[in-house]
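What follows is a short report on a single structure.
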Amino acid sequence: MTASDAAWVDYEWVTLRVVPRVHTEQFACVGVLLHARQASILEARLASDWAARVETLAPSLDLERLERHLETYVAICAGDESAGPVALLPPSERVHWLTHPRSGILQTSPRHPGRTQDPARTLSALLDEQC
């Protein structure tokens, strides 16, 4: 490994989706999660206009309730103890819990790999690109 390679960090990312009607498979991208094990980073960010995206797709959805779920998701990523016992797990265990396939209204995309020298900037770029 050369000195220039030492600054590179492998990561995985997923989009966070709201799927109001699971049977139609339509979804609104509302955020992105990035996990870089080497750098001990697990972070989720929500799109600033997530509520408008969801409301366009499902106007009758309870946005306040959904917002609480999304805030809890972000808090679990951050390891915030107020988010419950899952938030206290190590980041690599939390990411598995958060990205496990499910058929509920909150779902994640398949995992995608990447490599970066700046995980925070990469997370911002992915949020801009994907949502």
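The values are calculated or read from the model by the stated rules, or taken from the named source; none is laboratory data. Small disclaimer: the values here were computed from a predicted structure and weren't measured. Neighbour counts run over all protein chains shown; Cβ positions are idealised from the backbone, glycine included. Protein only, heavy atoms only, side chains kept; ligands, DNA and RNA dropped before computing areas. Shrake-Rupley method; radii C 1.70, N 1.55, O 1.52, S 1.80 Å.
Among 61, 16, 33, 70, which is the only one that is assigned to a helix (DSSP H, G or I) and of a type outside the set (D, E, K, R)?
It is 70.
Can you tell me which residue among 99, 122, 108 is open to solvent by less than 40 Å² (accessible area, probe 1.4 Å), in contact (Cβ under 8 Å) with a residue 12 or more places away in the chain and more than 20 Å from residue 27 (Cα to Cα)?
From the options 99, 122, 108, the qualifying one is 122.
Does residue 94 satisfy the criteria of being more than 22 Å from residue 130 (Cα to Cα) and either open to solvent by 80 Å² or more (accessible area, probe 1.4 Å) or not in a strand (DSSP E or B) (or both)?
Here the answer is yes, as residue 94 does meet what is asked.
Kindly evaluate residue 74 against the criterion of being open to solvent by 30 Å² or more (accessible area, probe 1.4 Å) and in contact with an Asp or Glu (Cβ under 9 Å, 6 or more places away or on another chain). Walk me through it before giving the result.
Numbers: open to solvent by 30 Å² or more (accessible area, probe 1.4 Å): yes; in contact with an Asp or Glu (Cβ under 9 Å, 6 or more places away or on another chain): yes.
Judged against the criteria, residue 74 is a match.
I need the full set of residues from segment 36-54 which are in contact (Cβ under 8 Å) with a residue 12 or more places away in the chain and part of a helix (DSSP H, G or I), in order please.
Selection gives 37, 38, 39, 50, 51, 53, 54.
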